[in-house]
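The values are calculated or read from the model by the stated rules, or taken from the named source; none is laboratory data. All values derive from a computational prediction rather than experimental measurement. Heads up, the Cβs are rebuilt from the backbone with ideal geometry, glycines too, and the neighbour counts pull from every protein chain shown. Surface accessibility is based on the protein's heavy atoms, side chains included, excluding ligands, DNA and RNA. Shrake-Rupley method; radii C 1.70, N 1.55, O 1.52, S 1.80 Å.
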Amino acid sequence: MKKLLKIFLIFFKIGSFTFGGGYAMLPIIKRELVDNLNWITEKDIYNYYAIGQSTPGIIAVNTATMTGYSLKGIKGALAATTGFIMPSLIIITLIASFFKRFQQIDLFQHAFAAIQIAVVALIIDIVIKMWQKSDKTRASLLIFLIAFLLLVIFKISPVFVILGSAAAGIIIQYLRGNLETAYYDYQNKDQGSDK
Amino acid sequence: MVYLRLFLEFFKVGLFALGGGLAALPFLQDLITKYSWMTSKELLNMIAISESTPGAIGINTATFIGFNTGGIPGGIIATAGLAAPSIIIITIIAHYFKKFNQHPLVESAFSGIRPAVAGLIASAAFELAQGGILNLQYLQLNKKLINFFDYKSLLLLLIVFTAVRKFKKHPIIYITVSALIGIIFKF
């Protein structure tokens, strides 16, 4: 119960400071759940974000649900998602109630224009850290560059990028001969846990 | 029964809008014309606000339309409808992911996915920078490189980036300080 409340509060905080798409929540998730609480690893976040990107629905909500589930099952998923959504509900309801008298929209837009720039800085920092913590192989660098170029120049849907990179990952591990040894270990571990 | 309709229509948007909040826009456009919930101009105003307030854009827009159509319960129901497909689908996927994430095929697939996610995140930063820092349209208009950068924004980017690398404070601090700078210097 205590953990559920904590999940709710953390995602309430994340929802209150996520401006823009799902990527904007990553720096805050990382700080709260990886650096401060050690509940998940950095690798987990990027796995969950990849799943959130390639399934139907709002990416930020998908990522929140996925992270919440990994922390405490279905209850955790619900706590994280309601926590994330709650600030939107409160803030937008307040704004919509006063909308007709609401003259200060440009104030929000000035703030948002600068926030976007801060988010760019935070994301560049995240990408650098991802690289520092990755396996730093030539294959990883190649996948990174190809994904970036496909998305920026050819505007390919992220879903295809993720599916393609999944296939690339399997092929690379197979060519390195890692797949067979991993299979062997996996099956042995399975039998071990059955006994 | 306006509540039921709000829930079902937003459930549909949540189910079929693959991608970020803006991917939901064409669906919303359809919706408001179909039921004449609001005018296109109102929708555009609302999106501007949804973008510049905290929270996912899609969720903010759903709350807005729901509230305008059915008051506070309408806002809650539309938002719940939008989030419901995510919760259902992701819970199922998360269940199997937990079960199979040690599987060699899944592990090696994700070893390829992670650098691609870095590419995805970098491309999001690039798109944001394109809107806020680089003036592509200026370059096309007068072909002068000097107008290519919005220097005020570029300066802020450099300052925030240096601060992020140096002080390692909570991201919320950078976001809040930048919001104030944006208001004071009229970004």
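Got a sec? Which of A:Lys100, A:Lys136, A:Lys155 is part of a helix (DSSP H, G or I), surrounded by fewer than 17 Cβ atoms within 10 Å (Cβ to Cβ), modelled with pLDDT under 90 and not small (Gly, Ala, Ser)?
Being part of a helix (DSSP H, G or I), surrounded by fewer than 17 Cβ atoms within 10 Å (Cβ to Cβ), modelled with pLDDT under 90 and not small (Gly, Ala, Ser) holds for just one of A:Lys100, A:Lys136, A:Lys155, which is A:Lys100.
Considering every residue within region A:64-73, establish whether at least one is without any contact (Cβ under 8 Å) to a residue 60 or more places away in the chain, facing another protein chain (nearest Cβ under 7 Å) and open to solvent by less than 10 Å² (accessible area, probe 1.4 Å).
yes
Kindly indicate the residue of region A:1-33 that is open to solvent by less than 20 Å² (accessible area, probe 1.4 Å) and either free of Cβ contacts under 8 Å to residues at least 24 places away in the same chain or not assigned by TED's automatic domain parsing to the domain that holds A:Gly73 (or both) and also farthest from the chain's Cα centre (by Cα) among those meeting that condition.
A:Glu32
For region A:122-143, which residues satisfy the criterion of being among the hydroxyl-bearing types (Ser, Thr, Tyr) and either at positive phi or within 8 Å of another protein chain (Cβ to nearest Cβ) (or both)?
Within region A:122-143, A:Ser134, A:Ser140 meet the criteria.
Go through region B:77-96 and report how many residues are at the interface with chain A (Cβ under 7 Å from one of its Cβ atoms) and within 22 Å of A:Lys72 (Cα to Cα).
Selection size over region B:77-96: 9.
Would you say A:Ile146 is closer than 27 Å to A:Leu26 by Cα and more than 7 Å from chain B (Cβ to nearest Cβ)?
Judged against the criteria, A:Ile146 is a match.
Can you confirm whether region B:121-136 contains a residue that is at pLDDT 90 or above and more than 7 Å from every other protein chain (Cβ to nearest Cβ)?
Checked against the condition, which is being at pLDDT 90 or above and more than 7 Å from every other protein chain (Cβ to nearest Cβ), region B:121-136 yields no hits at all.
Consider A:Gln53 carefully, then state whether it is touching a helix residue (DSSP H, G or I) at 6+ places or on another chain (Cβ under 9 Å) and open to solvent by 30 Å² or more (accessible area, probe 1.4 Å).
No; evaluated as a whole, the condition is false for this residue.
Identify, from the list B:Leu145, B:Leu139, B:Leu156, the residue that is modelled with pLDDT of 80 or more and over 30 Å from A:Tyr184 (Cα atoms).
One residue alone meets the criteria, B:Leu156.
Which numbered condition in (1) more than 7 Å from chain A (Cβ to nearest Cβ); (2) open to solvent by less than 30 Å² (accessible area, probe 1.4 Å); (3) over 17 Å from B:Leu25 (Cα atoms); (4) within 20 Å of the chain's Cα centre (by Cα) is the only one that B:Gly74 fails?
(4)
Inspect all residues belonging to region A:63-72 and state whether any of them is under 16 Å from B:Ile57 (Cβ atoms), of a type outside the set (Asp, Glu) and at pLDDT 90 or above.
Yes: region A:63-72 contains one or more residues that are under 16 Å from B:Ile57 (Cβ atoms), of a type outside the set (Asp, Glu) and at pLDDT 90 or above.
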